[in-house]
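*Asks:* The following block contains the structure, expressed as C-alpha cells.
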Amino acid sequence: MENMDTIQFRHRINARRRDGQPLRDDEINFITSQSTDLAGSPDTKYPEQVQWAAKAEQILSKPANEISTDDAKNVTAKEAHAFDALPVLGSVASHIQSVADKNTKS
C-alpha cells in the first residue's frame, strides 16, 4: 500500500465502501499515517484513537446478535491503548462487552 498514491487509494476505498466492505486495519493505518504526515502533528496518540474509533464503528455497525467476545476483546484492547487506561463503565468497550456477554448466554 505504501507504493499506492493517494488517488488510487481513494478510488480503492470508495469502491470497497460502495460494496459495503469495512476498512481493514492496514487501510486505517495508512489513512492515519498520511493524515498525521500532512498535518505535521507530533501527537502520537491521535492515530491510535482514530484506529480505536474505526474499529468500534466497524463492530457497532454489525447486528447486535453478531457481536462476539472476540469483538469485545479487540475494541477493549484498542480503547485501552488509545487512551492509556482500561475502559471504564459506560465506555464504548464496556457496552460492546455487555452485548457480547448477552450473545454468549443466548
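Read-outs throughout are calculated quantities, based only on the coordinates presented, and are distinct from any laboratory measurement. Keep in mind it's a predicted model, so treat the numbers as computed, not measured. A quick note on method: Cβ atoms are made from the backbone with ideal geometry, for glycine too, and the neighbour counts reach across all protein chains shown.
*Asks:* Grab the other residues whose beta carbon is less than 14 angstrom from that of Lys73, score K and R as +1, D and E as -1, and report the net. Don't jump to the answer; show the numbers that get you there.
*Replies:* Working: positive: Lys55, Lys78; negative: Asp70, Asp71, Glu79, Asp101.
Computed value for this residue: -2.
*Asks:* Based on the Cβ-Cβ distance from Arg12 to Glu57, what FRET efficiency comes out when R0 is 22 Å, to the nearest 0.05?
*Replies:* Working: r = 19 Å, r/R0 = 0.87.
For Arg12 and Glu57, the calculated efficiency is 0.70.
*Asks:* Can you tell me, using C-alpha contacts under 8 Å and at least 6 residues apart, the relative contact order of the stretch 62-106 as a whole percent?
*Replies:* 51 percent
*Asks:* I need the shape label for the stretch 6-105. Rule: rounded when a/c is under 1.5, else prolate if a/b > b/c, else oblate, with a, b, c from the alpha carbon gyration tensor.
*Replies:* Details: a/c = 3.61, a/b = 1.37, b/c = 2.63.
Since a/c reaches 1.5 but b/c is at least a/b, the shape of the stretch 6-105 is classed as oblate.
*Asks:* Still on this model: Work out the count of Lys pairs in the stretch 6-105 where the Cα-Cα distance is under 21 Å, with the pair 8 or more places apart or on different chains.
*Replies:* The result is 12.
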